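Right, one structure below, let's go through it.
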Amino acid sequence: MSAELTVQEKRNEVRLVAVMGQTGAGKSSFINSILGREVAPISNTIFSCTNIVDQFVYEPREGLTVALVDTPGFNYLGGDDTKTDEDIFQMIAEFLESKKLCPNNELSNTVVVTTHWDQVYFDQYKLQEAEENERLLRSDGYPKLFQDAGARFLRTGHFNNDVPQRLEIRYQSPAAVVESLLDLELNRLENHEVQNKTNRQTKTNLAQDIVQATLNQRMDSINKTVQDLRSEFSSRRKVQEDPQKPPTKIPEGQQDQSSTSVLSSELLEVQAKLNYQGPTPTHRDPKTSGLAIEFELLKQGLNGHMDSIRKSVERSQAQSSTQLKTWKDSQKSLMAMQREELRNVCSEVLKAKEMLQFLGTELKTELKTSRKERDELSIEQLTLRARERELLLSWKIQELQDENARLVQQFDATQSAQTKAAEAETRIMREAVIKSANLVRQLEERCRLEQEAQEASSLKKKLADRDSLILSLEAELKRKDDELARLQLAQTPVRRKESRNFPSTQNLGKGRD
Ligand SMILES: Nc1nc2c(ncn2[C@@H]2O[C@H](COP(=O)(O)OP(=O)(O)OP(=O)(O)O)[C@@H](O)[C@H]2O)c(=O)[nH]1
Ligand SMILES: [Mg+2]
């Protein structure tokens, strides 16, 4: 990453998040959870699943592309192949190198995520146990270094895609973990200019500390192995050694040799002292000459003694060299025996190795057979499942048919009920029609009656009018009668003649009634 780039430009770059950890820890699941689909293969067998370094790209925000790198797990256990942790580191390094990247040493960009918390969270006892394990993990080794360097520790698990709200901040979904990791990185870039160098140095040193700690751990374990081997070797040697001649004890000859060498050096010293004759005889004190003779005699005696000692030393030296030779011979034969034994052990080891190889091949064959069997079983399982599905389907079809028949019955019943109801309705309608016809008839009757009553009243009125007319006519008639009577009285002969043509007023009234 070039130092001249601005923060904004850096934001548009591709970020790379490498997911590393023990095999089966859930690295691939972690990536799948972020991407929301199964892009990285996962498995739940004892064998390692991911065996190559692979990347999966996504875009959490505009202008930011994240490459999630899935890696094979440490403590790799392959079905057919083997990979040491070094091989895995090598693979990761090669991958990063192919991307022209080198691992970032700053531990603050690291999040230590522990997985599978969903399996303990809901059980108080298991949760306590897991938290205690986590506490121990953080208090020692690399995790402690990460913690001291400011790396964050988060927990995750299969909490149905979303971490329940009630869980604490320590529990995060994989997506939130990466998000906070990216935020961390961006914040770091933004604060890049104000970060002081000492701080960076400390962090880099901490990264180096980790490497150092790794090396120290390795060295400790190697030293321990060497010590164990040594103690085992010495205990074996003790058992194999001749108890008559313990090698720790200095052989007699050698003892003599050392004692004689001490003795001869003492003698030489004495001799040197004795040889000292002081100043020249011409200047010698006459009083000391007697003493000198005595001294000379003593010196001779001592020389004789020294000779005898030298002879005895030479004797003991000869003796000890013979003893040493014998001891050396016995050691040689012992070593030859041990070599022979070792050879035997080696050939046994070789046999055991061959045996192991044979067993390994057998196991591999067995493994292949069991895999084949497993495949066959899974095919069988698939067939059984298909059959089960068929059965289920036929049961379902049967159930549906029964349900259909039941529904048809219900439909028939409903229909007959509906028919009955319709009939009843028709009947009621008919009755209603009849009733309404009756009512109409009654109404018509009443109308007719009313009309008749009206007609009657008009007739009555007409009658009353006629009566009044009759009365007025009668009055007129009476008046005319009276007039006629007067006239008759006045004209009697005329009246007789007229009485033949006109009815009397009395007869007229009767005819009208
Ligand atoms: N309950 C639970 N199961 C998990 C969790 N994470 C992973 N698993 C399961 O653990 C098994 C192994 O998961 P993977 O994602 O394949 O693990 P990995 O680390 O990629 O393993 P390797 O590729 O072998 O290194 C799978 O069955 C996952 O469903 C988790 O947080 N909770
Ligand atoms: Mg995996």
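The values are calculated or read from the model by the stated rules, or taken from the named source; none is laboratory data. The shown structure was predicted, so the numbers you read here are calculated from the model rather than taken from an experiment. We place every Cβ from the backbone using ideal geometry, glycine too, and count neighbours over all the protein chains shown. We work out accessible area using only protein heavy atoms, side chains counted, and drop any ligands, DNA or RNA first. Shrake-Rupley method; radii C 1.70, N 1.55, O 1.52, S 1.80 Å.
For R152, the amide hydrogen comes within under 5 Å of the amide hydrogens of T110, V112, counting only partners 5 or more places away or on other chains and with H modelled in the peptide plane.
The stretch between Q300 and L356, if pulled fully straight at 0.36 nm per residue, gains 12.2 nm over its current Cα-Cα span.
Taking all protein chains as shown and a probe of 1.4 angstrom, K126 keeps an accessible surface of around 90 Å². A full extension of the chain between E97 and T82 corresponds to an added length of 3.1 nm, given 0.36 nm per residue minus the alpha carbon distance. The residues neighbouring A40, those whose beta-carbon lies less than 13 Å from its own, together hold a net charge of -1 under the Lys/Arg +1, Asp/Glu -1 convention. Highest-first packing order for the peptide set 37-47, 384-394 is 37-47, 384-394, based on the mean count of other beta carbon atoms within 10 Å. Residue pairs exceeding 24 angstrom between C-alpha atoms, taken from K396/K420; K27/K368; K27/K144: K396/K420; K27/K368. If you take the Cα centroid of the range 373-439 and the Cα centroid of the range 319-363, the two points sit 91 Å apart. Computed extension gain for K126 through S370, at 0.36 nm per residue and net of the alpha carbon distance, reaches 84.4 nm. Accessible surface for T383 stands near 70 Å², nearest 10, in the context of the full protein assembly shown (1.4 Å probe).
Lys and Arg at +1, Asp and Glu at -1: add these up for the other residues within a Cβ distance under 12 Å of Q90 and post the number.
Working: positive: K83; negative: D85, E86, D87, E94, E97.
Once positives and negatives cancel, what remains is -4.
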